[in-house]
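Report on the structure given below.
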Amino acid sequence: MKRTLNYALLVAILLAVVASFAGLGLDFSGLTSTRSLSLMADYAAGFFPADFSAAHLAAIGRASLETLAMSALGTLLAALLGLLLALPAAGRFGRIGMALARLLLNALRSIPELVWAALMVLAAGLGPNAGTLALALHTAGVLGRLFAEALENTPAEPAEAIRLSGGGRIAAFVYGTLPGVWPQLIAYMLYRWENNIRMASVLGFVGAGGLGQMLYVSLSLFQQAQAATVILAMLLLVLVVDALSGWARQRWVSH
Amino acid sequence: MSIRLTGVGMTHANGRHALQDVELTVSRGERLAIIGPSGAGKTTLLRLLATSLQPSEGRLELLGTEPWQLSSGARKRLRARLGLIHQSPPLPPRQRVVTAVLAGRLGQWPLWKGLLNLLYPLDPAGARDALARLDIADKLFERCDQLSGGQLQRVGIARVLYQRPELILADEPVSAMDPVLASHTLGVLTAEAEARGVTLLASLHAVDLALNHFPRIVGVRDGRIAFDLPSHAVSAEALEALYANEQLAAPSPASPPPAPHVVAIPRC
Amino acid sequence: MLSPSAGPAPRDPAALPRLALTILALALLWPGLSLSELNLAVLLDGDNAATMGSFVAGFWPPAHAGEFLALLGRATLETLAIATAGMALAWLIAAPCALLATRVLSISAVARGGRPLWWANALRWPVRLLLIVLRSIPEIVWALLFVRAVGLGPTAGVLAIAITYGGMLGKVYAEICESVDPRPARALLAAGSPRLAAFAYGVLPNAAGEMLSYTVYRWECAIRASVVMGFVGAGGLGQQIDLSMRMFAGGEVASMLLTFFALVLLADQLSRLLRNRLT
């Protein structure tokens, strides 16, 4: 019985894939006909050689730092907000608090970063501030949900022991609960940071600062050589953050 | 009067009667051991006295007040005067021993002091002295997950020594130690109680330890008090009746070590 | 009876590293704050608040005219289709790349206690490097490039998802294969069975659960990515919301935000179902 259901599920997935291809009317002829291939080759050739002039590199350096700061601060802010919402979402303030917090977390999470960024550009004006807020809002939803799960899975006895010796709620949380979940929270934060550096580098597309804005402008002006350097910088930034977070994970999570 | 139980009963949510008609009066400065077969209700009795559980019937008086008649703020202040030693001390694995011991006085410290102490231990000498009495001062700055079961139990005792409560409740405090160390550790506890004139209640599964260290013995069986005698008056027949049908070789009910905490690392 | 050991208060060995770390964090936080221009006050600033207020005031009631709902439904289906088709292509890229990149199927490693010969490892590096490059460039950048190459429309979005997610799936599949017990596969390889058979009988049974659950998780991400891709003209919900925002049509934006919410809840349910059923 379970087997048939599984096969039915697999068939359904295959059908969904086929329907997707058919429904979209995908046109891959652009990838095969010689004329469009040569057009694409011309376009691609424009990316080489990349522009390594000093002025351009200086601008990229600043934009990279901006992107890095956006991703790091956005994640940090999200972790704070996420933890604040995770406490009620883990059921520590009654059923109503739990339902409300979960609804809010789902709402924050369901709106993609770029849409948040477009909204924040309206609310806070152009620039990296909007990008940071956008990352923080979406990530708070994701992290809040993960944090709430971690809080629910952590043993309650250490905090209970503190309360039995007269400690208050806050003391019991920071002495009994936090040491148990701390590594898990750090692991989730690092994972989101790796995600957010990718996102931060494109938020500029809607005017939220950083490398994305440079890329969008140079591609719109058909300056592929400049765009190529920006893409290289994004690649580098992602690798740097992956390495940094891998090191931090070694140091504070696995150890 | 330190403790007075009048007709106390405890029924668990699943309908099992853990304790029935318990009458017990302990005056200040007394030291008594609770013995009995496993499952007799020793732990439930201690958890009632630690205000971890609320009795389902009867009257419970601790240090001259009825804890469940108090406001929650007053109960919190009362709890700061009670010290409970757990059989397997619930210490977060990554917490350092010094923090775990200093946490004993969280009930007496204002909140800011507790928070500051988390960043920088405010009284490492006090924690060191408490640990030194149990011969593990060298573990002061180690993490709790690097200690053995017996060492963890001693850290749990050191926390209560540091707390300086007026009523010490100990639930199988030496179950994970070898006999010599167990005897020495109980000696430290009784000496502390004697020196400060505070009340000490300990549940023990080793009858000889109870008889050697405590002047008063309470036998518990099937949720009722079987006998309550000075230790020199406890007869072999009374013990035999207490432990009748109990497997003598039954291992001590030491709870299994908690499963190692696994951190989920999401793949990106 | 031991007397409490007297003496000076012991020094906390962690104090100095903690202090150094705190100072370092503060030293990094300051330029970070100035670079990101983080400022929550602008949200309450008179001008911005008025703009945003009038925009948000338009959220109620959400647009629900029949024509708009039909458009919204089509855009939602398109978004889902882009994600699904992109994932299917990504899987076609990822599966062979993961097989090429993983060390578990190394024949030279069988006789050497799990460490492949250096040149055999060197052959794996180009594939790994390719996967790293594919996954490290954000999908929307690929989309922007493909929009120039194949024109506006869902094709660019599908290709972008296929490439980025192909890289992600490939790298993670290879990692998962290396994290399971290698002994069954090694035993099969040592007995002379071909690599694909060794993979199917030695690695797959242990790795399939985690691989499946990662794939489902990535499919969820692909839905969000395909929304985002609309912003550069790759069709779907993103394109619609971009248009509505430019026109300051609050009601339409509100309906679309509600659609996002419904999509996320749907994806949660579906992924729970798939994980429970297939693992």
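Bear in mind that the values in this text are calculations on the coordinates, not laboratory data. Nothing here was measured: the structure is a model prediction, and the numbers come from that model. Virtual Cβ from ideal backbone geometry, glycine too; neighbours counted across all protein chains shown.
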Set Lys and Arg Cβ to +1 and Asp and Glu Cβ to -1, take the dipole of region C:66-278 about its Cα centre, and tell me which of C:Leu212, C:Trp119, C:Ala234 lies farthest positive. C:Trp119
Tell me which of B:Met177, B:Leu167, B:Val98 sits at the most positive position along the dipole axis of chain B, charges placed on C-beta atoms (Lys, Arg +1; Asp, Glu -1). B:Val98
Which of C:Gly209, C:Gly250, C:Gly230 moves most in a GNM of chain C, Cα contacts under 10 Å? C:Gly209
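Could you calculate the FRET efficiency of C:Asn121 with A:Ala50 from 1/(1 + (r/R0)^6), where r is the beta carbon distance between them and R0 is 30 Å, rounded to 0.05?
Working: r = 30 Å, r/R0 = 0.99.
The computed FRET efficiency comes out at 0.50.
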With a point put 7 Å past each Cα toward its Cβ, work out how far B:Trp112 is from B:Asn245 in nm, to one decimal. 6.1
Taking region A:179-255 on its own, what percent of its Cα-Cα pair distances exceed 17 Å? 53
What FRET efficiency comes out for C:Ala95 versus B:Ser71 if R0 is 56 angstrom and r is the Cβ-Cβ distance? Round to the nearest 0.05. 0.30
Report, in order of residue number, the helices in chain A meeting two criteria: a C-alpha extent of 20 Å or more along the helix axis, and a mean Kyte-Doolittle hydropathy of at least 0.0; treat each whole DSSP H run as one helix. A:2-24, A:54-89, A:94-110, A:128-153, A:178-200, A:224-249
Per-residue ³J(HN,Hα) for region C:193-198, Karplus 6.51 cos²θ - 1.76 cosθ + 1.60, θ = phi - 60°, Hz, x for Gly and Pro: 7, x, 4, 5, 5, 4
Distance between region B:195-238 and region B:1-68 - C-alpha centres, whole angstrom: 15
Given R₀ = 51 Å, FRET efficiency for C:Val56-B:Ala13 by Cβ-Cβ distance, to 0.05? 0.60
Computed, not fitted: 222 nm per-residue ellipticity of chain A from DSSP H runs ≥ 4 (each -39500 (n - 2.57)), nearest 500, equal to -26000 deg cm²/dmol
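Per residue of C:130-139, count partner chain C-beta atoms within 10 Å of its C-beta, then hand back the mean as an integer. Show your work: numbers first, answer last.
Values: counts 0, 0, 4, 3, 0, 4, 12, 8, 15, 2.
Mean shielding by partner chains, rounded to a whole number: 5.
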Considering the zone a paramagnetic label at B:Ile265 would reach in this model (a point 7 Å from Cα along the Cα-to-Cβ line), which residues of region A:168-212 have amide N under 17 Å from it? A:182-195
May I ask you to order A:102-113, C:233-244 by the average number of other C-beta atoms within 10 Å around their residues, highest value first? C:233-244, A:102-113
The distance between the Cα centres of region A:1-43 and region C:191-240, in whole Å, is 14
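Which of the peptides C:138-151, B:57-70 is most tightly packed, and how do the rest follow, going by the mean number of other Cβ atoms within 10 Å of each residue? List each step's numbers first, then the result.
Values: C:138-151: 23.2, B:57-70: 15.5.
Highest mean packing first, the order is C:138-151, B:57-70.
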Based on Cβ point charges of +1 for Lys and Arg and -1 for Asp and Glu, what charge dipole magnitude is obtained for chain C about its Cα centre, in debye rounded to the nearest 20? 1440
Quick calc, the protein assembly as shown, dipole around Cα centre from Cβ unit charges on Lys, Arg (+) and Asp, Glu (-), nearest 20 debye, gives 660
Would you calculate, for chain C, the mean residue ellipticity at 222 nm contributed by helices, counting each DSSP H stretch of 4 or more residues as -39,500 (n - 2.57) and dividing by all residues, to the nearest 500? -25000 deg cm²/dmol
Cα centroid separation - region B:129-170 against region A:185-255, whole Å: 48
Take peptide C:144-156, look around each residue's Cβ out to 10 angstrom, count Cβ atoms belonging to other protein chains, and average those counts. 5
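From other protein chains only, count the Cβ atoms within 10 Å of every residue's Cβ in C:82-89, then give the mean.
Counting Cβ atoms of other protein chains within 10 Å of each residue's Cβ and averaging gives 5.
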Hey, any idea what the orientation-averaged projected area of the convex hull of the protein assembly as shown's Cα atoms comes to, in nm²? 43.5
Cα-based Rg then Dmax for region A:2-45, in Å, read 18.0, 54
Toward the positive end of the charge dipole of the protein assembly as shown, about the Cα centre and with charges on Cβ (Lys, Arg +1; Asp, Glu -1), which of C:Pro154, A:Leu237, A:Thr75 goes farthest? A:Leu237
Cα pair distances exceeding 22 angstrom across region B:94-245, given as percent: 47
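For region C:138-203, what is Rg from Cα atoms divided by 2.2 N^0.38 Å, rounded to two decimals?
Values: Rg = 18.3 Å, N = 66, 2.2 N^0.38 = 10.8 Å.
In units of the globular-protein estimate, region C:138-203 measures up at 1.69.
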Rounded to a whole number, what is D in µm²/s for region C:62-105 from Stokes-Einstein with the Kirkwood radius over alpha-carbon pairs (4 °C, 1.567 mPa s)? 99
Work out which helices of chain C, taken as complete DSSP H runs, extend at least 30 Å along their axis over the Cα atoms and score a mean Kyte-Doolittle of -0.5 or more, then list them. C:15-36, C:66-101, C:154-179, C:204-229, C:250-278
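I need the helices of chain B that pass two filters: whole DSSP H segments spanning 20 Å or more by Cα along the axis, and mean Kyte-Doolittle score no lower than -0.5.
Numbers: long enough: B:149-163 (21 Å, 0.02); B:179-196 (26 Å, 0.45).
Helix filter hits for chain B: B:149-163, B:179-196.
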Would you work out the charge dipole size for chain A about its Cα centre, treating the Cβ of every Lys and Arg as +1 and the Cβ of every Asp and Glu as -1, and quote it to the nearest 20 debye? 700
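Report, in listed order, any pair from B:Lys42/B:Lys139; B:Lys42/B:Lys76; B:Lys113/B:Lys139 with a Cα-Cα distance greater than 27 Å.
Numbers: B:Lys42/B:Lys139 31 Å; B:Lys42/B:Lys76 24 Å; B:Lys113/B:Lys139 23 Å.
Cα-Cα > 27 Å for B:Lys42/B:Lys139; rest within.
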